[in-house]
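First up is the structure itself, then whatever we jot down about it.
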Amino acid sequence: MTSFLELENVAKKFGGLTAVRDVSFTLSKGEIVGLLGPNGSGKTTLLNMISGANKVTSGKISLNGVSIDSLRPDQIVNKGVSRTFQLVRILPSMTVEENVICGLAFRKMPVWGAKAAIIAREKLEIVGLKDKASLPGHSLNYIDSKRLELARALAADPELLLLDEWLSGLTPEELEAGIELIRSIETTGISILIVEHIMSAIRALCPRCVVMNSGEIIADGSTGTVLQDDAVSAAYLGGAPCCMLTISLCSMTYILL
Amino acid sequence: MITGAKVSVAIIAFGLLALLPFFLEAYGLGLMIGMLSYVALATAWSMFSGPTHYISLATVAFYGVGAYTVAVLNEGISFPVILLIAVLIGLVLSLAVGVATLRLAGVYFVIFSFGLAELVRQLITWYEVNVTGTLGRYIFLPLEPQDIYWLLLGAATLTLIIGWLVRRSRIGLALRVIGDDEVIAAHIGINLTRTKLLLFALSASLITLVGAIQAPRWVYIEPSIVFNPTVSFLTVIMALLGGPHRLFGPLFGVVPLFLLFEWLSANFPNHYSIILGALFIAIVFVLPNGVLEFLDRFRLRRAKT
């Protein structure tokens, strides 16, 4: 497989704090990769650097062989990268449908007017929000907001989709549906990089995963092998029983929130 | 949606307004001139500040620059050419200011925009005193009040048409996205700097035009007259009262407030600013989205019950 997204010795410093140091990995066209790591390990910062929200301090990021690390977020969208956010972001003053139309109107090949409304409905149908198209964006509950965010990201017609804890905070049934949804997106040929805490979801979705700790990659390989890795357990999970505890605590926190 | 009926109403309204100078006395015409200028100012202001929520108090900076351009150039050049030069100066100034300030968010932008008007005023005062040696300037142009009225009617109509086009366009949607969430805007492919700059400059150029058209009314101009910050505040209050999110919102704010201020300044000249401040606060608290939106909600609520 040819490398599609390539990170070479990427580092990010915020003042004196090094959030990401010397990270290198590649992602192939159509591949789906899980990005794991404890809170503060630099996952979101890494995602932010790929999407252009943060600039790299040093290192190179390229997409299809073209360097993107000095581009603005809007330019990176036009290269075919779109994302969701860890803290869900919806355009509150617009309807659900308009939220998706915004994703269509400013992409590389913009769609606008009546045609945009049709495509927006299609995207909403994919994520299961077709019936709520005319509701105001701010009226959606947490899960529907996440669905809408995904529909908007898909509307930009991405080659690479960055999902930042998109599955977190869902009930078991919703989680199952969410996993199915991401799988169906993957089959359309879109490459996906998922930041996630939910192990079962990573196991179900990602044949390969990358684990970060303290800003560095500590494991990169097939999900089964990586999750057995001693270094990973020690750094991230702190042993199997504790791992289960962490996960349930995490999900409980999200549900409570 | 635009319908034939609405277009006809707009054309008839325009026609009637154009005939007004033939029926009005000097006082009435003066009132209409003031009102039209604020319709253009508040509509132009809302074009940028409505969707983006970047509250600009720089209105008078551009307005004053427009008026001053006329004061400086009024001898030897024909008025339309002067207007064009004024708009170009406003455009260049707003682009320069925009590049420097549109990265500022929220209250920082408000304060900067207010400071800008003062800065321009002080610079011009300094220049006039130290370089040209004349603080005040006279404008002698063969323009009657009705000529200014028609020019302002044209400027207000032009502003409304541009506002309408912007709202229908992709850039209008981009501005709304920016007003809602700049992070989303950047991540769906909107070039934040370019979009904001373009609309800020468009709005500022129209404001400069209004200042330039009104200049001959003063005859005598000095910085403290044309850079009066009240112009900036009135524009904001009027736009907010009517509702800056709608094309005709500002217009509905201008008419009642302008008449009210006219009455207040005639009857309570000393307490005028106090009442103005109180009104400003009241409008922001009671009608944060403007009169039109309030009426819509009221109608919706009545329809439900």
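The values are calculated or read from the model by the stated rules, or taken from the named source; none is laboratory data. These numbers were taken from a predicted model, which means no experiment stands behind them. Please note: Cβ atoms are built from the backbone with ideal geometry, for glycine as well, and neighbour counts cover all protein chains shown.
Within the range A:26-60, if we keep just the residues that are small (Gly, Ala, Ser), assigned to a loop (DSSP other than H, G, I, E, B) and under 19 Å from residue A:208 (Cα atoms), the residue that is nearest to the other protein chains (Cβ to nearest Cβ) turns out to be A:42.
Taken over the range A:66-94, the criterion of being over 12 Å from residue A:149 (Cα atoms), more than 11 Å from chain B (Cβ to nearest Cβ) and surrounded by fewer than 17 Cβ atoms within 10 Å (Cβ to Cβ) is satisfied by A:66, A:67, A:70.
Taking the range B:117-193 as the region of interest, the helices (runs of 4 or more DSSP H) fully inside it that hold 2 or more residues being free of Cβ contacts under 8 Å to residues at least 60 places away in the same chain, within 26 Å of residue B:35 (Cα to Cα) and away from every other protein chain (no Cβ under 14 Å) are B:145-168. Checking residue A:70 against (1) of a type in the set (Gly, Ala, Ser); (2) assigned to a helix (DSSP H, G or I); (3) out of contact with any strand residue (DSSP E or B) (no Cβ under 8 Å at 6 or more places or on another chain): exactly one of these is not met. Which one? Only one criterion is unmet by residue A:70, namely (2).
Criterion first (at positive phi and surrounded by 14 or more Cβ atoms within 10 Å (Cβ to Cβ)) does residue B:249 satisfy it? Taking the combined requirement at face value, the residue does not satisfy it. Is the range A:142-165 home to any residue that is hydrophobic (A, V, I, L, M, F, W, C), closer than 19 Å to residue A:223 by Cα and in contact with a helix residue (DSSP H, G or I) (Cβ under 6 Å, 6 or more places away or on another chain)? Scanning the range A:142-165, I find at least one residue that is hydrophobic (A, V, I, L, M, F, W, C), closer than 19 Å to residue A:223 by Cα and in contact with a helix residue (DSSP H, G or I) (Cβ under 6 Å, 6 or more places away or on another chain), so the answer is yes.
Conditions (1) modelled with pLDDT under 95; (2) not basic (Lys, Arg), marked per residue:
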position	(1), (2)
B:163	no, yes
B:166	no, yes
B:170	yes, no
B:174	no, yes
B:182	yes, yes
B:199	no, yes
B:203	no, yes
B:208	no, yes
B:211	no, yes
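Here the strands (runs of 3 or more DSSP E) wholly within the range A:161-233 that include at least 1 residues being charged (D, E, K, R) are A:208-213, A:216-222.
Would you confirm whether any residue within the range A:130-140 is without any contact (Cβ under 8 Å) to a residue 40 or more places away in the chain and either under 19 Å from residue B:188 (Cα atoms) or in a loop (DSSP other than H, G, I, E, B) (or both)? Yes, the conditions are met somewhere in the range A:130-140. Checked against the criterion of being surrounded by 24 or more Cβ atoms within 10 Å (Cβ to Cβ), over 30 Å from residue B:182 (Cα atoms), in contact (Cβ under 8 Å) with a residue 40 or more places away in the chain and not β-branched (Val, Ile, Thr), the candidates B:64, B:50, B:30, B:34 yield just one match: B:64.
Would you confirm whether or not the range A:142-152 contains a residue that is over 18 Å from the mean Cα position of the chain (by Cα) and either surrounded by fewer than 23 Cβ atoms within 10 Å (Cβ to Cβ) or of a type in the set (Val, Ile, Thr) (or both)?
Residues of the range A:142-152 over 18 Å from the mean Cα position of the chain (by Cα): none.
No, the range A:142-152 contains no residue that is over 18 Å from the mean Cα position of the chain (by Cα) and either surrounded by fewer than 23 Cβ atoms within 10 Å (Cβ to Cβ) or of a type in the set (Val, Ile, Thr) (or both).
Taking into account only those residues within the range A:153-173 that are more than 18 Å from residue A:195 (Cβ to Cβ) and touching a Leu at 6+ places or on another chain (Cβ under 9 Å), which is surrounded by the most Cβ atoms within 10 Å (Cβ to Cβ)? Looking at residues that are more than 18 Å from residue A:195 (Cβ to Cβ) and touching a Leu at 6+ places or on another chain (Cβ under 9 Å), I get A:155. Of the listed requirements (1) part of a helix (DSSP H, G or I); (2) buried (at least 16 other Cβ atoms within 10 Å of the Cβ); (3) at pLDDT below 90, residue B:215 misses just one: (3).
Flag set for residue B:219, criterion: at positive phi and away from chain A (no Cβ under 14 Å).
Going through the range B:194-204 one residue at a time, which ones are in contact with a helix residue (DSSP H, G or I) (Cβ under 6 Å, 6 or more places away or on another chain) and either surrounded by fewer than 24 Cβ atoms within 10 Å (Cβ to Cβ) or within 14 Å of chain A (Cβ to nearest Cβ) (or both)? Across the range B:194-204, the qualifying residues are B:195, B:197, B:201.
The criterion of being surrounded by 16 or more Cβ atoms within 10 Å (Cβ to Cβ) and at positive phi does not hold for residue A:98.
Restricting the first member to the range A:25-42 and to residues that are at positive phi, and the second to residues that are basic (Lys, Arg), the beta-carbon pairs closer than 9 Å and six or more apart or on different chains are A:37/A:43; A:42/A:12; A:42/A:21.
With respect to being assigned to a helix (DSSP H, G or I), over 30 Å from residue A:78 (Cβ atoms) and hydroxyl-bearing (Ser, Thr, Tyr), residue B:208 fits the description.
The condition (being within 10 Å of chain B (Cβ to nearest Cβ) and in contact (Cβ under 8 Å) with a residue 40 or more places away in the chain) is satisfied by just one residue among A:155, A:105, A:151: A:155. Among the residues in the range A:93-109, are any over 30 Å from residue A:227 (Cβ atoms), assigned to a loop (DSSP other than H, G, I, E, B), of a type outside the set (Asp, Glu) and touching a Leu at 6+ places or on another chain (Cβ under 7 Å)? For the range A:93-109, residues over 30 Å from residue A:227 (Cβ atoms), assigned to a loop (DSSP other than H, G, I, E, B), of a type outside the set (Asp, Glu) and touching a Leu at 6+ places or on another chain (Cβ under 7 Å): absent.
Of the set (1) closer than 18 Å to residue A:76 by Cβ; (2) in contact with a helix residue (DSSP H, G or I) (Cβ under 9 Å, 6 or more places away or on another chain), all apply to residue A:60 but (2).
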